[in-house]
Each structure stands twice: as structure tokens, then as C-alpha cells.
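Comments concern the structure below.
Laboratory data are not the source of any read-out in this text; all were calculated from the coordinates shown. On a predicted model such as this, the values are computed, not experimentally measured, just so you know. Cβ placement follows ideal geometry from the backbone for every residue including glycine, while neighbour counts extend to all protein chains displayed.
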Amino acid sequence: MATEQPSNHLKGLHLLITRPTAQAESWAKQLEALGARVTLQPMMAIEPLQGAAEKQRIIDDILNFADYQKAIFISQNAVYHGVQWLDQYWPQLPIGVDFFAIGQATADALNQYIDNGMIHMATQAMNSEALLANEHLQNIDGEKILIFRGKGGRTLLADVLQERGAQVDYCELYERVCPAKTTDAGQIVDPQFRQSEQQVIITVHSGETLDNLCSSVTQDELQWLCQQPILVPGQRVAELAKQVPFNTVITAKNATHESMIDALLQWHSQ
């Protein structure tokens, strides 16, 4: 449970938000309500797959949805795009499909659409490792599982489920792209952010976003960024940040806004 967050408790901090625009806006409002200043620099954009062959594969997966015993949604984006396809072909969902979500935010999004049973999800961490520990994903020999996700990404979830005897298919719905645009000064990071009189904090919500940021900036910008504290979700992304190397890594339990804010509050109060 998130700690109670006093108003203006983050006053004096200036955060760089790198989330996709849709998620960044709500994240920014929460931070501003706590007194922080924010600068938006999305380093990830979500775009639905548009190719004819890609769309046909999605349609085939959706038409065969009743053949699956379990459906796993990797992210809120997977829910958003997957639900649109399911709604077109399944106005009433088939009985007998168990639904799974990587974390609480994904489960909450799925709950707005699924009303025929409980949604299983990962606890503590919001990642494949945590979801694989779910008791309902242990004895799955012979079952068919459909994973709703973006194009590419980690294969650990499918690999382990297959090792447990399941047949696993991907329903890839969207792709993640880097939308970075340089400023008039030829830089990615807003020069005004670099000149802030407040304590600046870099925030990323995934390893891919971190990679986009580091690969898009100039060498001078990267050196400056590494001298600033960075807020990340979970140990896996924390290790990636240390390898860049960022000197100060603030590690939240997971990528929910509540966990990220809790970690920031704890660090800021030290």
C-alpha cells in the first residue's frame, strides 16, 4: 500500500518524465500535486501494428480465442488494444478462459472489460518472473495460452510456460518506438531542464525507455544525465541503470505510480 503523501512533500524537485504521453500526463499530475516541477520528454511511443499480414495474424488469434484456456496481458497497452479487437469479434466472451495480468495497473484496466471472473496477476514485482510464480500457471501441461503484448520484447514468460508443457502463442498488437526529437539546440534533453535551479531527477518506467533515452542523447548529455539521480522500477532496471552508469539509482518496488512516488518520497526525506 502506498504511503500517505503530504502536499508539497516533493517541493524542490524537478523531474524529467520519459513515459509515453498518455501515461505521462497522469503521472505528471500526481507529482505536481505533491509540489514537484516536471518536464515531459517522452522516450517511448505506442503505435498499433498496421501491416496487412500483422493485422491478419491478430484477427486469426482473436477468432480462435475460444480455443485457449488462458489469456495473459503484458501491459495496459496490451489491454487497450487487445480489448478493441476482442470486442469486434466476441461481444460475449467465451466461457472457460482464465485471464492474467502482469501487475495491478494492467489488472485494473482489464477489470473494466472482463466481468466473468477473477483476474489473476503478479504480486509484488510487476514482471514475468513474478507472474510465473502464480499458482494458476504451475500445472498447465497441454493447455493453450495466448499472450497479448507488443511486438518483440522478453521471451522469458513464453519460454517457461512452454517448459511447463503449455502451447503458447503471441498476439502482438502494437510496437514501441522512440519518438525523441532534438531541441533547437540540437539536444534531446530540454536545456531549461539542465539549467534548473532545483534538484533534478530522471525517471524511467522500463528498461526499454532507459535504452531509448541513453541511445538518443549526445555524449555530453549522457555524461550530465549520469550525474543526476534516476528513479527506476525494480532491480532489473536498476541494474541496467548502474551499467550506463548512473551514479545514483532510486529503486521502486515496481512501475506503479504509487510505488515510484513512495521510493522518491523515501529518498527525498533522507
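Beyond 16 Å, what share of the Cα-Cα pairs of segment 168-261 remains, rounded to the nearest whole percent? Tail fraction, whole percent: 59.
In this label model, Cys178 and Lys151 are separated by 1.7 nm, measuring between points 7 Å along each Cα→Cβ vector.
Residues Val168, Val177, Val232 in ascending order of nearby Cβ atoms (within 10 Å, fewest first): Val177, Val168, Val232. In this simple spin-label model, placing a label point 7 Å from the Cα along the Cα-to-Cβ direction at both Asp108 and Leu63 gives a separation of 3.7 nm. Remark: the Gln88-Thr248 segment gains 52.9 nm on full extension, using 0.36 nm per residue and subtracting the alpha carbon distance.
Between Trp267 and Ala53, the FRET efficiency from the beta-carbon distance, with R0 = 41 Å, is close to 0.30. If both residues of a DSSP beta bridge must be in the chain, then about 10% of such bridges are antiparallel. By the compact-protein rule of thumb, 2.2 N^0.38 Å, the alpha-carbon radius of gyration of the chain corresponds to a ratio of 1.07. With each label point set 7 Å from Cα along the Cα-Cβ vector, what nm distance links Lys11 and Ala133? Modelled inter-label distance: 4.0 nm. Are there any trypsin sites (Lys or Arg not before Pro) in segment 1-71 that are in a DSSP loop and have at most 13 other Cβ atoms within 10 Å? List them by number. Answer in residue order: Lys11. Beta bridges from DSSP with both residues in segment 47-177: antiparallel share about 10 percent, rounded to the nearest 5.
In segment 167-260, which trypsin sites (Lys or Arg not before Pro) are in a loop and have at most 15 other Cβ atoms within 10 Å, using DSSP for the loop call?
Lys181
Helix content alone sets the calculated 222 nm mean residue ellipticity of the chain: runs of n ≥ 4 DSSP H residues at -39500 (n - 2.57) each, divided across all residues, give -11000 deg cm²/dmol. Take the cross-link list Lys29/Lys70; Lys151/Lys253; Lys11/Lys253; Lys29/Lys253 and give me the ones stretching past 28 Å between alpha-carbons. The pairs that break the limit, which is 28 Å between Cα atoms, are Lys29/Lys70.
Extent of segment 47-177 along its three principal axes (Cα atoms, max minus min coordinate, largest first): 36, 32, 29 Å.
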